[in-house]
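Beneath this line is the structure, given in structure tokens, with notes to follow.
The values are calculated or read from the model by the stated rules, or taken from the named source; none is laboratory data. Fair warning: this is a prediction, and the values are worked out from it, not measured in the lab. We place every Cβ from the backbone using ideal geometry, glycine too, and count neighbours over all the protein chains shown. What goes into the accessible areas is simple: the full protein's heavy atoms, side chains included, and nothing from ligands, DNA or RNA. Shrake-Rupley method; radii C 1.70, N 1.55, O 1.52, S 1.80 Å.
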Amino acid sequence: MTGRLTIVGVGPGRSELMTPAASAAIAAATDLIGYGPYLDRVTIHPGQIRHASDNRVELDRARHALTLASDGRNVAVVSGGDPGVFAMAAAVFEAVETGPAEWRELDIRVEPGVTAMLAAAAEVGAPLGGDFCAISLSDNLKSWTTIRRRLEAAAGADFVIALYNPLSKARPHQLGEAFALLRQIKPASTVVVMVRAAGSGDVSRIITTLGGVDPAKADMRTLVLIGSTATRLIARDAKPPFVYTLRREVEDGR
């Protein structure tokens, strides 16, 4: 087989946050496949074919890309952020595992990108400076029971928690339920950061506490960071505080 499939992440927003390797893979492709808004963020070069699709057809999109690569095309599958974090790389490899044997022989590569939690953390300081985990609140592919169990475990272990996909029109109450659950385990004074459109020109930031956070301030473009006992605020005159998490272990929250 002479085809190639590269799964790329275009970063969180601004074009300068896309890696040179991802840009090169996109420029070299004969075919670009992805969710429409992500494809809109990349430059289409002469002769390239654009295959846009809806956000909830990841496996169909992956199979389409693999079929084109099997036919000798140089395919770039375009994801937002990092393609390996709640995105298309896992969908492609799931399709490979369950698909024709010849797909396993394809030249498949993953080019990393800047994922939303890294962009959001950089907007306020270094809240991921200590141990952290990432949990998607979307229950499209897993149950809410599983999500609750993981939230409880992460809170009990005192991780900083990055919440992806916090809410949508179809599930407007889940972020509030997640905060209510976390308040049963973590102190009300726990630092919470909500960053909308991280890494873009219209970014907005809310720095608050678990006791005072308003879930209605978030949407699907928001990344939520919930601090650990080692997360700190550094106050500044007439400016938002810096947020960071100590790298060392603390005792009794100090």
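Here are some notes:
- Test result for residue 75, assigned to a loop (DSSP other than H, G, I, E, B), under 19 Å from residue 22 (Cβ atoms), in contact (Cβ under 8 Å) with a residue 40 or more places away in the chain and open to solvent by less than 70 Å² (accessible area, probe 1.4 Å): no
- Residue within the range 228-241 that is under 20 Å from residue 126 (Cβ atoms), in contact with a helix residue (DSSP H, G or I) (Cβ under 6 Å, 6 or more places away or on another chain) and among the hydrophobic types (A, V, I, L, M, F, W, C) present: no
- Selected residue (criterion: most open to solvent (accessible area, probe 1.4 Å)) from residues of the range 167-185 that are under 19 Å from residue 228 (Cβ atoms) and not in a helix (DSSP H, G or I): 184
- Residue check, residue 206 at pLDDT 95 or above, closer than 16 Å to residue 121 by Cβ and open to solvent by 20 Å² or more (accessible area, probe 1.4 Å): yes
- Annotation note: of 92, 114, 110, the sole residue that is in contact with a helix residue (DSSP H, G or I) (Cβ under 7 Å, 6 or more places away or on another chain) and in a helix (DSSP H, G or I) is 92.
- Taken together, the residues in the range 210-236 that are among the polar types (S, T, N, Q) and either within 15 Å of residue 12 (Cβ to Cβ) or open to solvent by 50 Å² or more (accessible area, probe 1.4 Å) (or both) amount to 2.
- Residue check for residue 158: on the phi > 0 side of the Ramachandran plot and either outside any loop (DSSP other than H, G, I, E, B) or open to solvent by 10 Å² or more (accessible area, probe 1.4 Å) (or both): yes
- Screening 203, 224 for residues that are of a type in the set (A, V, I, L, M, F, W, C), out of contact with any His (no Cβ under 8 Å at 6 or more places or on another chain) and closer than 20 Å to residue 183 by Cα leaves exactly one candidate, 224.
- Test: residue 84 is open to solvent by 40 Å² or more (accessible area, probe 1.4 Å), closer than 28 Å to residue 221 by Cβ and either modelled with pLDDT of 95 or more or not in a helix (DSSP H, G or I) (or both): yes
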